[in-house]
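All remarks here apply to the structure that follows.
The values are calculated or read from the model by the stated rules, or taken from the named source; none is laboratory data. This is a predicted model, so every value here is computed, not measured. Positions of Cβ are generated from backbone atoms using ideal geometry, with glycine treated the same way; all protein chains shown enter the neighbour counts. These accessible areas exclude ligands, DNA and RNA; they are computed on the full protein's heavy atoms, side chains included. Shrake-Rupley method; radii C 1.70, N 1.55, O 1.52, S 1.80 Å.
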Amino acid sequence: MQAAQIAGESPPRGYELRVLVLLGLAYGFAYFDRMAMTFLAPFVQKDLELSNAQIGWLGSALSATWALGAYFVGRWSDSIGRRKPFLLGAMVLFSLCSVFSGLSWSFGTLFAARVVMGAAEGPFLPICLAIMIAASAESRKGLNAGIVQNAFGSILGTAIAPLILVRVAEALDWRWAFYISGIPGLLLAVLIWWLIREPKPVPAEAQEAAPALSPWSMLGERNIWVCSLVSCFAVGTVVVGSIFMPLYMDGPKGMEPKTWSNVMAVVGICPAVGGVVVTWLSDRFGRRPLLIVFAFLMALSPAALLWFDGPVPLLTAMLFVSWMGLGTFPLFMGVIPAETLGRARAATAMGLVVAIGELSGGVFGPPIAGWLGDEYGLAVPLYVQMGLAILAGLTAFLVTETNPRVIARRNPVPA
């Protein structure tokens, strides 16, 4: 199917910027809450006496409910044509779940808190991107999606989070780190309720022309099933890497907590850079080539940790370059599905791609990698991470270009 477009006037630039900042902060703190378990894992593991496999299952549980929430709530949002109520409800719920994580006294209670958090956070990104795309000018849809998902998400969730959370855990306790991470989401829910409008409904004729909501009919579109496969491998490599890279640096690499948390903080800025650079370039040169190149780049970080024994600053630089590959996530999770199926089905299409990625790479990757780490050493999860990144890059070759401006340049209409 040709990329679906819905004509209409561009929203005012000032309002577009307001939506960008508020949704970016909201998703950034949602990702902050999700990544808290990653950076606090060494502290939680020692205190609750958890195995590597159990650490993996905590990530897997959140990914499973994240996936189900992304698809089913995204579909519900599309079916009634409303975005804002789902967004606000999700923000309040996942913020409270962060507090409940800090109250956990066993693997079972922590597991339950992460399960509920995943269900709340899952639909958050598809609905955020659906609102952002509706509020964006045509020439900035890819860039704005990248800024929301990667710039804010990375700066807050993977750069600032380790600096704050590890230091709070060392100074006070890992439980206090979870308590603190739940506060910003509640404050931002109030601001979004006050300052962001419900997007204009899709015109009736566009709704009638939109594809059916069945996941099977959506997967009949080439780009949807290809993006879903890319999502399986890319989500897997990032989830496995985010869980086991700190454990590998804290263990076999022998780094001090402050050292590896500083490394992860610097690396955490990188997806923000990638999210802007990759999506900005994709607005000009096409979605497909950028997706291919930067998906392969994600394989560099586990290779560097495994085989590079040089100075920490140079290792950090290699990890930084590699994690620019996370700039591909707004493309295969958001922009390409939305451009393929159109705004009327944007949240459902994005939710489906997110759900498939989380249910496969996010759910099965961490416990399998954790079990392999328990049996054969913490180097093995990094080999898993590397293999999944390579598979993501290979699969990206199958994507069909959706950027309307690139398609128009390739197929000019005769005067």
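Starting from the Cα of residue 284, step 7 Å toward the Cβ, then list every residue of region 381-408 with an amide N under 20 Å from that point. Residues 401-408 qualify, since their backbone N sits under 20 Å from the label point.
Want the number for residue 258 to residue 21: 0.36 nm per residue separation, take away the alpha-carbon distance, what's left? Don't skip to the end; give the middle numbers.
Values: separation 237, 0.36 × 237 = 85.32 nm, distance 3.03 nm.
Result for the pair: 82.3 nm of gain on full extension.
Counting only heavy atoms of protein chains, what accessible area per residue, in Å², does the chain have with a probe of 1.4 Å? Display every interim value, and only then the final one.
Working: 15620 Å² over 415 residues.
That works out to 38 Å² for each residue.
Modelled this way, with points 7 Å down the Cα-to-C-beta line, the labels at residue 379 and residue 76 are 4.7 nm from one another.
Let me know the Kirkwood hydrodynamic radius for region 132-291, please, with Cα pairs as the basis and the value in Å to one decimal.
Roughly 19.0 Å, rounded to one decimal.
Between amide H atoms placed 1.01 Å from N, distances below 5 Å from residue 342 occur with 4, all of them 5 or more places distant or on a separate chain.
For the chain, the normalised intensity computed at q = 0.09, 0.12 Å⁻¹ comes to -0.48, -0.87 (log10 of I(q)/I(0), Debye sum over alpha carbons, equal scatterers, no solvent). Under the shape rule built on the C-alpha gyration tensor, where the axes satisfy a ≥ b ≥ c, region 32-138 is prolate, since a/c reaches at least 1.5 and a/b is greater than b/c.
Once R0 is set to 25 Å, what does the formula 1/(1 + (r/R0)^6) return for the Cβ-Cβ distance between residue 397 and residue 303, expressed as a FRET efficiency to the nearest 0.05? It comes out at approximately 0.75.
Keeping the other protein chains in place, figure out the carbon and sulfur percent of the accessible area of region 269-340, with a 1.4 Å probe. Let's see the in-between values first.
Numbers: 1840 of 2240 Å².
It is 82 percent, rounded to a whole number.
Our estimate of slack between residue 112 and residue 138, defined as 0.36 nm per intervening residue step minus the Cα-Cα distance, is 5.2 nm. Protein heavy-atom surface of region 122-197, 1.4 angstrom probe: 75% of the accessible area is carbon and sulfur, with nucleic acids and ligands not counted.
Each peptide in 135-145, 171-181 was scored by the mean count of other Cβ atoms within 10 Å over its residues; highest first, the order is 135-145, 171-181. For the pair residue 105 and residue 407, a Förster radius of 56 Å applied to the C-beta separation gives a FRET efficiency near 0.50, rounded to the nearest 0.05.
May I ask you to compute the full-extension gain from residue 195 to residue 214, defined as 0.36 nm times their residue separation minus their alpha-carbon distance, rounded to one decimal in nm? Intermediate values should be presented prior to the final figure.
Working: separation 19, 0.36 × 19 = 6.84 nm, distance 3.36 nm.
Stretched out fully, the residue 195 to residue 214 stretch lengthens by 3.5 nm.
Taking packing as the residue-averaged number of other Cβ atoms within 10 angstrom, the listed peptides 126-134, 286-294 run from highest to lowest as 126-134, 286-294.
Which of the helices in the chain, when you take each full DSSP H run, stretch at least 30 Å along the axis at their Cα atoms and have an average Kyte-Doolittle score of -1.0 or higher?
Numbers: long enough: 13-48 (50 Å, 0.63); 52-80 (42 Å, 0.41); 222-250 (42 Å, 1.34); 257-285 (41 Å, 0.82).
Membrane-span-like by this rule: 13-48, 52-80, 222-250, 257-285.
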